[in-house]
Amino acid sequence: LCAFEAAGVVPDCSPIRGGTDGVRLSERGLPCPNLFAGGHNFHSVREYVPVNSIAKAAEVIIRLAHSFTHS
């Protein structure tokens, strides 16, 4: 959560329905978070991702990677 907070992003930690590899791994005891891209109106003709949301997602991922390489 520190990477999210450092990037000024409030994480939504609610479970989502699955079908992904991460869901299968989580069911087996290995928690796999879904990293966000900041999209809206998923799987509709009005689906979109604001550029600033993509930038924030990239910032969080960079901070996460940095925290693992410097721990």
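Any read-out appearing in this document is the output of simple, stated calculations on the displayed coordinates, not a laboratory observation. Computed from a predicted model, the values in this text were never measured in an experiment. Please note: Cβ atoms are built from the backbone with ideal geometry, for glycine as well, and neighbour counts cover all protein chains shown.
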- Message: Suppose only helical runs count, i.e. DSSP H with n ≥ 4. What mean residue ellipticity at 222 nm does that imply for the chain under -39500 (n - 2.57) per run, divided by all residues and rounded to the nearest 500 deg cm²/dmol?
- Response: -13000 deg cm²/dmol
- Query: With the contact rule set at Cα under 8 Å and sequence spacing of 6 or more, what percent relative contact order holds for the chain?
  - Reply: 30 percent
- Item | Simple spin-label estimate for Cys2 and Leu25 in nanometres, 7 Å along Cα-Cβ | 2.2 nm
- Query: Once the chain is represented by equal point scatterers at the alpha-carbon sites, with solvent omitted, what log10 I(q)/I(0) does the Debye formula produce at q = 0.12, 0.17, 0.24 Å⁻¹?
  - Reply: -0.40, -0.78, -1.20
